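The values are calculated or read from the model by the stated rules, or taken from the named source; none is laboratory data. Here the structure is a predicted model, which means the values were calculated and not measured. Every residue, glycine as well, gets a Cβ built from its backbone with ideal geometry; the counts of neighbours run over all protein chains shown. All accessible areas refer to the heavy atoms of the entire protein, side chains included, with ligands and DNA or RNA removed. Shrake-Rupley method; radii C 1.70, N 1.55, O 1.52, S 1.80 Å.
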Amino acid sequence: MSVRCKLGDIMKQRGLSNKEVVALTGVSRNTITSLAANATKRIDYDTLEGLCRGLDVTPGDLIEYVPDDNTKTP
């Protein structure tokens, strides 16, 4: 199983740069870069709240669960 951040997808859909997302959310540039590239293992609640408020999204819009391809079926 895998959980992935869809911030990069949202940024592309809206035509937003890292700098613009930083300005909208108050989240650091390094964090935005890491989340947009889906290169992080965790997200703090404060970061999640800033992204949700600044981008007018819900946590479910930002985070996606992707099951493994080799999921066993009974």
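Observations
- Output for segment 14-36, where each listed residue is within 16 Å of Thr58 (Cβ to Cβ), within 13 Å of the chain's Cα centre (by Cα) and open to solvent by 50 Å² or more (accessible area, probe 1.4 Å): none
- All told, Val66 meets the bar of being hydrophobic (A, V, I, L, M, F, W, C), touching a residue at least 12 places away in the same chain (Cβ under 8 Å) and surrounded by fewer than 11 Cβ atoms within 10 Å (Cβ to Cβ).
- Top-ranked residue of segment 1-17 - restricted to ones that are in contact with a helix residue (DSSP H, G or I) (Cβ under 7 Å, 6 or more places away or on another chain) and not in a helix (DSSP H, G or I), ranked as nearest to Thr40 (Cα to Cα): Cys5
- Pairs meeting the criteria (first residue in segment 36-53 and in a loop (DSSP other than H, G, I, E, B), second residue open to solvent by less than 30 Å² (accessible area, probe 1.4 Å) and of a type in the set (Lys, Arg), beta carbons under 6 Å, at least 6 apart or on different chains) are lacking.
- Residue count for segment 37-54, restricted to those that are exposed (fewer than 12 other Cβ atoms within 10 Å of the Cβ) and either closer than 19 Å to Arg14 by Cα or among the hydrophobic types (A, V, I, L, M, F, W, C) (or both): 2
- Taken over segment 24-67, residues that are under 10 Å from Cys5 (Cβ atoms), at pLDDT 95 or above and touching a Ser or Thr at 6+ places or on another chain (Cβ under 6 Å) amount to 2.
- Subset of segment 1-13 (residues that are open to solvent by less than 90 Å² (accessible area, probe 1.4 Å) and out of contact with any strand residue (DSSP E or B) (no Cβ under 8 Å at 6 or more places or on another chain)): Leu7, Gly8, Asp9, Ile10, Met11
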